[in-house]
Amino acid sequence: MGYTIAQKIIKTHLVCGEMIAGKEIGLRIDQTLTQDATGTMAYLQFEAMGIDRVKTELSVAYIDHNTLQAGFENADDHRYIQTVTKKHGIRFSRPGNGICHQVHLERFSKPGKTLIGSDSHTPTAGGIGMLGMGAGGLDVAVAMGGGTYYITMPKMIKVNLVGKLSDYVGAKDVILEVLRLLGVKGGVGAIVEYGGEGVKTLSVPQRATITNMGAELGATSSIFPSDEVTKAFLKAENREEDWIELSSDADAKFDAEYTVDLSALQPLAACPHSPDNVKSVAELSGMKINQVCIGSCTNSSLSDMLTVAAMLKGKTVHPDVSLSISPGSKQVYTMLAECGALADLINAGARILECACGPCIGMGFSPNSAGVSLRTFNRNFLARSGTADAQVYLVSPETAAASAIAGVFTDPTSLGVAPKVEMPSVFKINDNLIEMPATVEEMESVEVVRGPNIKPIPVGKAPEKDLNCELILKVGDDITTDHIMPAGTKVLPYRSNVPKLSEFCFTVCDKEFPERAKAKGGGVILGGSNYGQGSSREHAALVPLYLGIKAVVAKSFARIHVANLINFGIVPMTLANPDDYENFAEGNALEIKDFAAAVKGATEATLINKTNGAQAKLCLNLSERQREMLLAGGCLNYTKNQR
Ligand code: MIC
Ligand code: SF4
């Protein structure tokens, strides 16, 4: 039997386990990346492991999320990351160099290699044929130390692309169509591979837009073949030697197949508050809008920016609309400036932001009250923009630009023939903002600078013999890590200060939660399906741990979050019968008899509701390694015990 692209990469990196979907496998990781909002914690954990120098082929630390410095905290964290990476053999991408996924795609990603990043959009690298996966910071720290990265062997989903995109229809519309087809849970436990005749019509940045937003499908990763288009991109980046050809075998087996006809696609938009709430732009056309934001790791490549510049040239942004543009990298920004397109954007009235995540993570540019914001980003979760009642729609750069001029939702295909955008065959390469680490000889003398915002990391405890506690919070389906641990200007500066961060935990759902959890010494959380979807932030596990959460019971979990819960010693369990969810209410007294024994070896446990007498069967779907980790009270204790 033949192999899919992902299976080929997994096979050459397999450290342990069998390549059977649903079974745990261990992978060797070639490259890692971190960003600053998760990086501080990842490097603190790396330091705690006591390893002198990273053992990967390449590790890079990016500064791109926490770039709004409204106090000393972020700047201090940047200094810490800059010095700790210098000491331990990691490259440092300075603030101003761009968004991690865009820069990594340009300068470091390699077809056929493995990459994990402490950011859920690491599968962006799949656009070049690399197996990129998002992970918690602790897993990235372990991989930097040469440790194995564990995942559940994914199923394989194939999306066949046929035809060719029409004028004003973009790669964003392709992934929005896939999201419409599969939904935010549709990729859970799977890798999505793109194939078919349509692939060769898409550039690497277009492919990367598609793999980037595969994170919103809940997929472990998404990947494209590495072909002549990939080779041309690497050549333009002066990295042709990094190219290898990669495609799936003709007889490779997929668990599910879908077809998307690129020629038939129309501009689409994901409506509030979920990336899979997709409608056609034509349906929304005429709706008054207040804000447009263009950028993020999904749509900030040079071709996206040039397209927008060509559409805005000689026009003026509608007086009722505020337009922000954040180029994805210094390379993109410089080339935009040098060809004059930047002037077209500025002249049209765009507010140009630095090349960073910016509004995507609520770092400025929050919409007005109840404002309608069109964003070329990947997530429109409730309150993520920083304005609780904002209505955020996810759209392509083409739809964003057309609507910014008109002041209302506008289908760009109504504008006729699209302007032709010429892409250069060689990109502007200057890695002067990537600092090389100290040599082995110099390492000793590098002093790691720590600011007062860095507070100790909470450490988990072994599970109690019997679990007796309160159902401290009950939430619904599709709870995101943005609900659990919100981001934005007020919260992100405390990513290395868990006690302070805890004041914001779950406040999107329940303002009283942090106080209640503290007063009651924690308890158990009950969630619906796909609990913990979205980002990779391990703070969504670390902070609940700090607040005394011992276990989370849900109908189902998202991949990265469940790994983070286990890493920090919080026991994840699923309801055998999802209907039992109804028999439990906040404040109920709960009991699980022989809890520690269940974590040690049972696949089932019984949750007793002491308030109303109801019972529910719980499943403990854990590997041996995960059980040992939970029994030790989390990964850090487990790793220490193993020495
Ligand atoms: C996001 O897009 O939600 C983030 C911010 O990039 C996160 C990481 C974080 O919370 O720091 C992600 O996607 O993993
Ligand atoms: Fe940054 Fe947004 Fe991409 Fe997350 S999704 S890495 S916040 S640009």
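Every read-out reported here was derived from the displayed coordinates using simple, explicitly stated rules and does not represent laboratory data. Keep in mind it's a predicted model, so treat the numbers as computed, not measured. Virtual Cβ from ideal backbone geometry, glycine too; neighbours counted across all protein chains shown.
In the range 125-282, what % of DSSP beta bridges are antiparallel (nearest 5)?
25
First measure r as the distance between the Cβ atoms of Val449 and Ile352, then evaluate 1/(1 + (r/R0)^6) with R0 = 41 Å and state the FRET efficiency to the nearest 0.05.
Taking R0 as 41 Å, the efficiency between Val449 and Ile352 is 0.85.
With +1 on the Cβ of every Lys and Arg and -1 on the Cβ of every Asp and Glu, and nothing else charged, how large is the dipole of the chain about its Cα centre, in debye rounded to the nearest 20?
780
How much length is gained on full extension from Thr603 to Lys511, taking 0.36 nm per residue of separation minus their Cα-Cα distance?
Contour length minus the Cα-Cα distance gives 29.6 nm.
For Lys86, Lys55, which order do you get if you count the other beta carbons within 10 Å of each Cβ and list the fewest first?
Lys55, Lys86
Note down the Stokes-Einstein diffusion coefficient of the range 460-546 in µm²/s, whole number, using a Kirkwood radius over alpha carbon pairs, 20 °C, and 1.002 mPa s.
159
Run the numbers for Ile429 and Thr201: contour at 0.36 nm per residue of separation, minus the present Cα-Cα distance, in nm.
Using 0.36 nm per residue and subtracting the Cα-Cα distance, I get 79.6 nm.
Could you please state, rounded to a whole Å, how far the C-alpha centre of the range 565-643 is from the C-alpha centre of the range 321-356?
The range 565-643 and the range 321-356 have Cα centres spaced 50 Å from each other.
For the range 593-627, which trypsin sites (Lys or Arg not before Pro) are in a loop by DSSP, counting at most 12 other Cβ atoms within 10 Å?
Of the trypsin sites (Lys or Arg not before Pro), the ones in loops of the range 593-627 whose Cβ has at most 12 other Cβ atoms within 10 Å are Lys610.
Do me a favour and compute the ellipsoid semi-axes for the range 561-643 from its Cα gyration tensor, root of five times each eigenvalue, largest one first, whole Å.
Over the Cα atoms of the range 561-643, the ellipsoid semi-axes are 27, 12, 12 Å.
So if I average 1/r over every pair of distinct C-alpha atoms in the range 542-598 and take the inverse, what Kirkwood radius in Å does that give?
Evaluated on the range 542-598, it is 12.6 Å.
May I have the extent of the alpha carbons of the range 503-643 along their three principal axes, as whole Å values ordered from largest to smallest?
Here the Cα extents, ordered largest to smallest, are 45, 34, 27 Å.
Just need the Rg to Rh number for the range 329-383, please, alpha carbons only, Kirkwood Rh.
My calculation of the ratio gives 1.02.
Computed over the Cα atoms of the range 21-136, what is the ratio Rg over Rh, Rh following Kirkwood?
0.97
For Ala462 and Lys490, calculate 0.36 nm times their separation in residues minus their Cα-Cα distance, and state this gained length in nm to one decimal.
6.8 nm
Modelling each spin label as a point 7 Å along the Cα-to-Cβ direction, I'd like the Ser285/Glu628 distance in nm, to one decimal.
The answer from the label model is 6.1 nm.
Percent antiparallel among DSSP beta bridges with both residues in the chain, to the nearest 5?
Bridges in the chain are about 35 percent antiparallel.
Using Cα-only point scatterers and the Debye equation, what is log10 of I(q)/I(0) for the range 233-275 at each q in 0.23, 0.24, 0.26 Å⁻¹, rounded to two decimals?
-0.86, -0.87, -0.91
Under 8 Å for C-alpha pairs, at least 6 residues apart: give me the relative contact order for the chain, rounded to a whole percent.
For the chain, the relative contact order is 14 percent.
Using only Cα atoms, locate the centre of the range 1-71 and the centre of the range 388-464, then give the distance between them in Å, rounded to an integer.
So the two Cα centres are separated by 18 Å.
Restricted to Cα positions, what overall size does the range 239-385 have along the principal axes? Three whole-Å values, descending.
Cα extents, longest axis first: 56, 38, 30 Å.
Between Glu18 and Ala596, what's the calculated FRET efficiency when r is the beta-carbon distance and R0 is 35 Å? Round to 0.05.
That pair, Glu18 with Ala596, gives E of 0.75.
What nm value, rounded to one decimal, do you get for the distance between Glu257 and Ala232 when each label is placed 7 Å out toward the C-beta?
Once both label points are built, they end up 2.7 nm from each other.
May I ask you to give the average projected area over all directions of the convex hull of the Cα atoms of the range 195-298, in nm² rounded to one decimal?
9.1
Describe numerically, in nm with one decimal, the distance between label points set 7 Å from Cα along Cα→Cβ at Lys617 and at Asp167.
In this crude label model, Lys617 to Asp167 measures out at 6.1 nm.
Between the range 474-552 and the range 148-186, what is the separation of their alpha carbon centroids in Å?
What the calculation gives is 29 Å, centre to centre.
Only Cα pairs under 8 Å and at least 6 apart count here; give the relative contact order of the range 452-588 as a rounded whole percent.
With pairs under 8 Å counted, the relative contact order is 29 percent.
Sorted from largest down, give the three principal axis spans of the alpha carbons of the chain, whole angstrom values.
69, 59, 57
Can you give the convex hull volume of the alpha carbon atoms of the range 361-499 per residue, in Å³?
Dividing the Cα hull volume of the range 361-499 by its residue count gives 268 Å³.
Find which of Ala215, Leu202, Gly488 sits farthest along the positive direction of the dipole of the chain, computed with +1 on the beta-carbon of Lys and Arg, -1 on that of Asp and Glu, about the Cα centre.
Towards the positive end, the residue furthest out is Gly488.
Please state, to two decimals, what the Cα-based radius of gyration of the range 262-327 comes to when divided by 2.2 N^0.38 Å (N = residues).
Ratio of Cα Rg to 2.2 N^0.38 Å: 1.24.
Using only alpha carbon positions, build the gyration tensor of the range 447-505, then give the equivalent ellipsoid semi-axes as the square roots of 5 times its eigenvalues, largest first, whole angstrom.
After diagonalising the Cα gyration tensor, the semi-axes are 27, 20, 9 Å.
So the label point goes 7 Å from the Cα of Lys520 along Cα→C-beta, right? Which residues of the range 544-567 then have their backbone N under 17 Å from it?
Zone members listed by number: 544-554.
Could you go through the range 212-226 in sequence order and give the Karplus-derived ³J(HN,Hα) for each residue, using 6.51 cos²θ - 1.76 cosθ + 1.60 with θ = phi - 60°, rounded to whole Hz, and x for Gly and Pro?
Karplus-based 3J(HN,Hα) across the range 212-226 equals 3, 7, x, 4, 6, 7, x, 6, 5, 6, 9, 8, 10, x, 9 Hz.
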